[in-house]
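Below is one structure; the comments refer to it alone.
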Amino acid sequence: MVLLFSRYPVCLKVAQVFSFIVVTLFCASTVLAAEAPASSTFTQEQYERGEAAYQQECGLCHGSELDNGVASTLRGQTFRKTWSRLGVTVGDLYNRIANTMPPGRLGELSESENLDVLAYLLGRNNVLQGSQELNAEYDYLSAIPISRGDEELDIAANFIEGLHGSEPTGSGPSFADLLSAADNSQDWLYHNHNYQGTRYSALDEIDRSNVTGLQQTCAYQLNSSNSMQAGPIVHDGIMYVTDATHTAAINAATCQKLWVYEWEPKDRMVWGNNRGVAIKDGYVLRGTPDGYLFALDSANGNLLWARQVADPWLGETFTMPPIIYEDLVMIGPAGSENAISGWVAAFSITDGDLIWKFLTVPEAAAGGGETWGNPNGIPLGGGAVWTPLSMDIEKEELYVAVTNPAPDFPAYLRPGENLYTNCIVALDVRTGELKWYRSIVPNDDHDWDLTQVSPVLKKGINNVSMDMIATVGKDGILRTLNGETHEPLYETPVTTIENYDVPVTPEGVRACPGVNGGVLWSGPAYYPADGLLITPAVDYCNVFIADSDPEFVPGQLYMGGAWVRDEEMSGWLTAIEVESGEVKWKYRSERPMVAGVTTTAGGLVLSGDLNGNLLLLDASTGEVMHSIYSGAMIGGSVITYEVEGKQYIAAGSGTASGFFGPGPNPTRTSSMIIYSLAN
């Protein structure tokens, strides 16, 4: 059953808002009047079956305790508030379970198994047991109340002041340091090393001749089972590393903890991912799963300020690392699949005040437009931003990889180009004004996000014949643009491509890459000696199924259909000649490749795989020169830097994502592991 209010656009005109309120209140009063007696809820036997099914099918992502995994929490005040809001019911919760879970495995669980899982979730959220088992009838389930408990969830504070003042006592790096980061291989100052995103280091102590002597130096445990996708930052011998709620500073040579700050969520945590911090002038800045941007003092980890700038109840959440230019902190929310109205914005480094905001799907937010047809009058959205930004510092252009439209699969319900989804968007970094854009995957119906706009290569600096901009995405294709005209130069597949142009239908279409295929949160690195772009990719396919009548629940997944994934999946590293687009070499991994890639003057490619191996390859040939087992998935950024004249390599180890199945030691807590040559 589709909620009545899902027929209205996300942003409504005044008359429509009034109609929405009337309809919603009527539905709510009907549910309250039909409130089910306790005897009509689940039994102990159904609860126990649900616990077994949950642990087998759901625990890998959501955690054995429902709130200790890499996916959203399924118990506690936030969960109860989510599913007891006006117009949202247990019936909607069941539909969410039955129609979207487990991701990519539609139909694997029977109706009775889905109801068993629902019974377990209700029981873990203080809903009393009854004398009969649940059934799947929507109105019946919608009459089951979920109590928020005696304590209402506190209203999140918009702004939080630090207890020790708002000025950092730490120092560096300066803006000049950030501008010249491409020439500084001692530090690793931004997620992709520098504004241009080259991910190249001029360090060469570790090279082809001695790489087999690399060994683990130390490891720092974050004492968390949250997703480990972060990219560490290093400045002056200090490393900053994160997970969903922890931010730590450690000695980059010994792993000695200097300080750790734990964010206590103030609001709904949408997704439990975080990919790192940005640093400048003693500030350490990052986003949170509950929509806050906050700043810490690099000297001691004290909170300087926190400001909630995204709305988690709309499905907005921060997973990306920010980027800092002068005193502007740029960041945008993830959540296209939740039908958010995407944006990227600049905030003041000193207090988080909004400086400018660019709306990525303004027509969708208005319910339709010239590039967003909406014949059925459904909610439209998307255009999230969840991967690192890049810049042309000479032009002061900020490059944004805008992601998919929503609902994801039924593109025929939103005919048109769907701007600015899956576009390269170039903004004036100081004002947020649109300078130009290039649509890469228009009217997307496969959830093929554009994920990276980098490296940004300059003639006379990066061994290229013209200015160039590289871009990749979940459609599995690496493209380059002329940096001056913005016209396409070439496109090269970096994973299996099948049925690329076949529209998704309600009957289902098998296509490659799948929903979580192609290039994800780590993009290409540049190897200037041979003029190569080297990128990781995920190789897997699935059947895409469109829903012509998608159900909309605010802040929840709004895929507009389902997908059934292949059992087999693997990964690639592909080296592409930057001038021609020709493939120089390919490395095939038996597991998806999602870890960051770094190239070095020592002739090496540094990366990792989901079997837990740190990989060191010959940059010219793709031959694996050495590998070291870390004990858990390597799915974050792999970097290199120097402390007191000695080169180090660092890689995060832990559960990268539940989408790709369990890795080695899936219960192991996240760690940052540091490697070096033996003395």
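Per-residue answers, yes or no, for (1) assigned by TED's automatic domain parsing to the domain that holds residue 629; (2) more than 19 Å from residue 285 (Cα to Cα); (3) among the β-branched types (Val, Ile, Thr); (4) buried (at least 21 other Cβ atoms within 10 Å of the Cβ):
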residue	(1), (2), (3), (4)
168	yes, no, no, yes
174	yes, no, no, no
183	yes, yes, no, no
188	yes, no, no, yes
194	yes, no, no, yes
202	yes, yes, no, no
209	yes, yes, no, no
234	yes, no, yes, yes
250	yes, no, yes, yes
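Taking each residue of the range 48-66 that is under 16 Å from residue 658 (Cα atoms) and looking for partners that are assigned to a helix (DSSP H, G or I) with beta-carbon atoms closer than 7 Å, six or more apart or interchain, yields 54/117; 54/120; 58/117; 60/658; 61/658; 64/55; 66/124.
So, residue 581, is that one touching a Pro at 6+ places or on another chain (Cβ under 9 Å), modelled with pLDDT of 95 or more and either surrounded by fewer than 23 Cβ atoms within 10 Å (Cβ to Cβ) or assigned to a loop (DSSP other than H, G, I, E, B) (or both) or not?
The answer is no for residue 581.
Yes/no matrix, rows are residues, columns are (1) without any contact (Cβ under 8 Å) to a residue 60 or more places away in the chain; (2) under 27 Å from residue 567 (Cβ atoms); (3) in contact with an Asp or Glu (Cβ under 7 Å, 6 or more places away or on another chain):
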{"residue": "72", "(1), (2), (3)": "no, yes, no"}
{"residue": "87", "(1), (2), (3)": "no, no, no"}
{"residue": "92", "(1), (2), (3)": "no, no, no"}
{"residue": "95", "(1), (2), (3)": "no, yes, yes"}
{"residue": "107", "(1), (2), (3)": "no, yes, no"}
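In the range 480-532, the residue that is farthest from residue 545 (Cα to Cα) out of those that are polar (S, T, N, Q) and touching a residue at least 24 places away in the same chain (Cβ under 8 Å) is 480. Residue-level check: of (1) assigned to a loop (DSSP other than H, G, I, E, B); (2) buried (at least 17 other Cβ atoms within 10 Å of the Cβ), residue 573 misses just (1).
Restrict the check to the range 636-652 and report whether at least one residue is surrounded by fewer than 23 Cβ atoms within 10 Å (Cβ to Cβ) and without any contact (Cβ under 8 Å) to a residue 40 or more places away in the chain. Within the range 636-652, one or more residues are surrounded by fewer than 23 Cβ atoms within 10 Å (Cβ to Cβ) and without any contact (Cβ under 8 Å) to a residue 40 or more places away in the chain.
Looking for something surrounded by fewer than 24 Cβ atoms within 10 Å (Cβ to Cβ), modelled with pLDDT of 95 or more, more than 25 Å from the chain's Cα centre (by Cα) and more than 22 Å from residue 436 (Cα to Cα) - is there at least one such residue anywhere in the range 393-401? No, that holds for no residue. Criterion applied to 593, 625 was being in contact (Cβ under 8 Å) with a residue 24 or more places away in the chain, touching a Lys or Arg at 6+ places or on another chain (Cβ under 9 Å) and either hydrophobic (A, V, I, L, M, F, W, C) or not assigned by TED's automatic domain parsing to the domain that holds residue 190 (or both), and the one residue passing it is 625.
Where strands (runs of 3 or more DSSP E) fall wholly inside the range 219-265, the ranges with 1 or more residues that are touching a residue at least 60 places away in the same chain (Cβ under 8 Å) are 233-235, 238-242, 246-251.
If we scan the range 431-451, do we find a residue that is over 22 Å from residue 566 (Cβ atoms) and in contact with a helix residue (DSSP H, G or I) (Cβ under 6 Å, 6 or more places away or on another chain)? The answer is yes; a qualifying residue exists.
Taken as a whole, the range 203-218 holds no residue that is out of contact with any helix residue (DSSP H, G or I) (no Cβ under 7 Å at 6 or more places or on another chain), modelled with pLDDT under 95, part of a loop (DSSP other than H, G, I, E, B) and within 20 Å of residue 672 (Cα to Cα). Would you confirm whether or not the range 604-611 contains a residue that is among the hydroxyl-bearing types (Ser, Thr, Tyr), assigned to a strand (DSSP E or B) and at pLDDT 95 or above? Yes: the range 604-611 contains one or more residues that are among the hydroxyl-bearing types (Ser, Thr, Tyr), assigned to a strand (DSSP E or B) and at pLDDT 95 or above.
For the range 300-317, the count of residues that are aliphatic (A, V, I, L, M), more than 20 Å from residue 158 (Cα to Cα), over 18 Å from the mean Cα position of the chain (by Cα) and buried (at least 23 other Cβ atoms within 10 Å of the Cβ) is zero. Of the candidates 588, 565, the single residue that is modelled with pLDDT of 95 or more and among the basic types (Lys, Arg) is 588. Being small (Gly, Ala, Ser) and assigned to a loop (DSSP other than H, G, I, E, B) is a property that holds for residue 523. Pairing each residue of the range 552-576 that is free of Cβ contacts under 8 Å to residues at least 24 places away in the same chain with any residue that is in a strand (DSSP E or B) and buried (at least 21 other Cβ atoms within 10 Å of the Cβ), provided the two are 6+ apart or on different chains, yields no C-beta distance under 6 Å.
The values are calculated or read from the model by the stated rules, or taken from the named source; none is laboratory data. Computed from a prediction, not measured in an experiment: that's the story for all the values here. Here Cβ is always computed from backbone atoms with ideal geometry, including for glycine, and neighbour counts include all displayed protein chains.
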